[in-house]
Amino acid sequence: MEVVMYELLIKQRDTVNKWMDRFGVRFGIYKNGVFNEQLFPFDPIPRIITNEDWVEIETGLKQRVLALNKFLYDIYHEKKIVKDGVIPEEFIYSSSGYLPQCEGVTPSKNIYSHISGIDLVQNKDGTWYVLEDNLRIPSGASYPMIARSITRKVSPETFKTNILYDNRNYSALLRKTMDYVNVDNGLEVILTPGRYNSAYFEHSYLAEKAGVLLAYADDLIVEDDKVYYKGLYDKKERVGVIYRRISDDFLDPLVFESGSLLGVPNLFRAYSEGNVAIVNAFGNGVADDKGIYYFVPKMVEYYLGEKAILKNAPTYLPYFEEDQTFVLENLSRLVIKDVAEAGGYGVMFGRDMDDIRLAEVRKLVEIEPRRWIAQEVIDFIDLEIMDGEKKVLRKSDLRAFVLSGEDTMVWPSGLTRYTRNPHSFIVNSSQGGGFKDTWVMKKQ
Amino acid sequence: MPQLKYCYKTGVTFTEKVYIHHFLLRILPFENEAQRAVEKSRYEILPKAKVCVGFDAFGNKIITGYIDEKHDFFEFLSEGTMETYEYKIRDPHLNRLYLYPSKLTKPAVRIREIHDRLHVLPEISTADKVAAISQAVASLLRYEPGVTGIDTTAEEALSLGCGVCQDFSHLMISFCRLNGIPARYAAGFIEGEGFSHAWVEYYSDGWWYAFDPTHNRPVETAYIKIAQGRDYADCPLDKGVFRGLAQQQLDVSVKTEQ
């Protein structure tokens, strides 16, 4: 076991936090209709991933994301996986993330999920499990990136003694991915909904670091089925790739939600004509639906002819009769998730429910089986965090980032989130958790 | 076979000048076994705009365009003469999407309750099932403009007990799909009405047929289809977004004659 020294970081944490504050490392939260920006709490103790673990995670993630990209292409074209009976068609057509408008549309270089955020947890026996795939707009890479920049400045000694992968290259990987799918060598932009978005810090930080333009919907117009950047000038410049941080529903008011002021009218048309790359593509929600999650290991086998390297958490689909019986009988020890919800909402632990509530939930599952999944509660490892001067243990997960361009690349770091509440298992930052830097160790 | 001459015209006037105006129109008729253009359909858009013509994933012809300059009116017109035949459209590859609920047709508690009481007999023909469903819709909804809007769901219209052709169609589609009959929303023109109309297409043995729940009758001929989708939201005839603060006044007319 390698000995990793991070004690200096604990001593220097006030300085680190001051810099974080100065750089505006914030996360916006809407609570009771009011927008509040708060510092995203940073814990100085890094999460350490051994090289041995990392090699397996990296190989497993590449495999998983490759299969997910093939699945998305298949679903919006021939749907072989449905025709061959691997996935019931209901899981496609009833998914809120499935967009029939995307049928037959092929994105630039055939890539759908350019930036995939895969959430993992490590069980106490050391096994890593995938909890969730995020293939729409996974956020969070900027936080460990800036944390590393700051800690390296404040505590250069720490990074001299430890041999770990640099993670400040995320923006370079992002840029490489955008370059690869860029259509007709046009401008590259990050499209932000603006400063009232929870991840606005990230949008502006990534734009700066990747050397691409930060654009608002008003800056972009579609003419002749092509996208142009208008910005401050009168001269229009052709746009080749848009890393959009606006969800599908709001991205084109003429095709999706009409009321949206955040979107770019007729953008979908330009995209479907192949005149602009959208990162990530339209319609990816069909592949990161909690119901579809169950089928991901089957996708790996179906498209790649390989066994999935990374495991899913043991999951039951009440849609299948056998699973439903099992779920109804074992509800009190399972966790139930609403497939339509995200951000840690719609998650219910059986062990926290009294008999009345259990009966209610059983009924919900019986009425709309397709809406729910049930999972075994994974006893994932606790990580140390600093609580004042004390080290305490908290639950945490890891969001790994996979970038798909010419090659599939796994960023050797990730966003480690932890719960602040000692009894909570939900680490989502929308729920007030904090984050850590993630150190991936090099081979010694 | 009846020939129908149609002229669909919409004029929008703005109280103040608007600019950066993007639009997406579905105003050109389908060409299929049930309807053929006698002469090429014609359309016109004012002020002059850069437009592109293409298809969306539902098979609709779409016109997208952009007007940069300031303007205080927007007008589009589509006209032509169609020969119509028996309303029956060949489709050997059913898109199974039309078997599943969509946003505006998704059944909730009331639609499910009524569906359970409907007792559409499984052994009767699809056409008979559809007629029975339309009969039920006719008893559940009263035709009344101005109460429902473009975002009203089938479930909401049912609670209100009234609506227009769009609501009748949504409710009928919802019941059809609950009965395992693939169904889709169709919009276009019929003779004599001053507005565009909506009806339902249902699938049986390789063909799409149509039923008009608002008039509670099967569609035989003399309907011109210009848009289709899972529900209204997939295929509105026109949508636009512009910049500028302006009140808009809309003037729509459809003239159809034999």
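Derivation of every value follows stated rules applied to the coordinates shown; laboratory data play no part. Computed from a predicted model, the values in this text were never measured in an experiment. Virtual Cβ from ideal backbone geometry, glycine too; neighbours counted across all protein chains shown.
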Can you pull the Rg over Rh of region A:12-111, Cα-only, Kirkwood?
1.17
Quick check on region A:249-343: what does the Kirkwood estimate of hydrodynamic radius come out to from the alpha carbon pairs, in Å?
16.6 Å
3J(HN,Hα) from dihedral phi, region A:185-202, Karplus parametrisation 6.51/-1.76/1.60, rounded to Hz, x for glycine, proline:
6, x, 5, 10, 9, 9, 9, 10, x, x, 6, 8, 8, 4, 10, 4, 3, 4
Residue by residue through region A:297-302, the couplings from Karplus 6.51 cos²θ - 1.76 cosθ + 1.60 with θ = phi - 60°, in Hz, x for Gly and Pro, are x, 5, 4, 4, 5, 5
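What is the local net charge at B:SER169, summed over the other residues whose Cβ is closer than 9 Å to its Cβ (Lys, Arg +1; Asp, Glu -1)? Provide the component values of the computation, followed by the final result.
Details: positive: none; negative: B:ASP167, B:ASP212, B:ASP231.
It works out to a net charge of -3.
Take every DSSP beta bridge with both residues inside chain A and express the antiparallel ones as a percent of the total, to the nearest 5. Could you put the intermediate results ahead of the total?
Working: 52 of 70 bridges.
Just about 75 percent of them are antiparallel.
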Only Lys, Arg, Asp and Glu count, each charged at its Cβ (+1, +1, -1, -1), so figure out the dipole size of the protein assembly as shown about its Cα centre, rounded to 20 debye.
1740 debye
Got the relative contact order for chain B handy, in percent, Cα pairs under 8 Å and 6 or more residues apart?
31 percent
Which aspartates and glutamates have a Cα less than 16 Å from the Cα of B:LYS129, not counting those fewer than 8 places away in the same chain?
B:ASP116, B:GLU201, B:ASP205, B:ASP212
Where a Cα-Cα gap under 16 Å defines reach, which lysines qualify for A:LYS70, not counting those fewer than 8 residues away within the same chain?
A:LYS62, A:LYS79, A:LYS80, A:LYS83, A:LYS109, A:LYS298, A:LYS307
Please give the direction-averaged projected area of the C-alpha convex hull for the protein assembly as shown, in square nanometres with one decimal.
32.8 nm²
Taking amide H positions as placed in the peptide plane 1.01 Å from N, state which residues far from A:GLU223 in sequence (5 or more) or on other chains have amide H under 5 Å from it.
A:TYR228
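At a 10 Å Cβ-Cβ cut-off, how would you order A:LYS70, A:LYS436, fewest neighbours first?
On the way: A:LYS70 19, A:LYS436 27.
So the ranking, lowest neighbour count to highest, is A:LYS70, A:LYS436.
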Using the Cα gyration tensor of region B:89-234, with a ≥ b ≥ c the square roots of its eigenvalues, what is the shape: rounded (a/c below 1.5), prolate (a/b larger than b/c) or oblate (neither)?
rounded
Built amide H within the under 5 Å cut-off of A:LYS311, gap 5+:
A:VAL130
Only sites in a loop by DSSP and with at most 10 other Cβ atoms within 10 Å count here; which trypsin sites (Lys or Arg not before Pro) in region A:207-291 make the cut?
A:LYS235
Give the cross-link partners of A:LYS235 among the aspartates and glutamates, using a straight C-alpha distance below 17 Å as the criterion and excluding same-chain residues fewer than 8 apart.
A:GLU188, A:ASP218, A:ASP219, A:GLU223, A:ASP224, B:ASP68, B:GLU69
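Over region A:314-376, calculate the relative contact order: mean separation of alpha carbon pairs under 8 Å at least 6 apart, over the residue count, as a percent.
49 percent
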Report the local net charge at A:GLY117: Lys and Arg +1, Asp and Glu -1, summed over other residues whose C-beta lies under 10 Å from its C-beta.
-2
Please label the shape of chain B as rounded, prolate or oblate, based on the square roots a ≥ b ≥ c of the eigenvalues of the alpha-carbon gyration tensor (a/c under 1.5 means rounded; beyond that, a/b larger than b/c means prolate, else oblate).
prolate
Sorted by chain and then number, the residues having a modelled amide H within less than 5 Å of the amide H of A:ASN134, at least 5 places away or on another chain, are A:GLY117, A:ILE118, A:ASP119
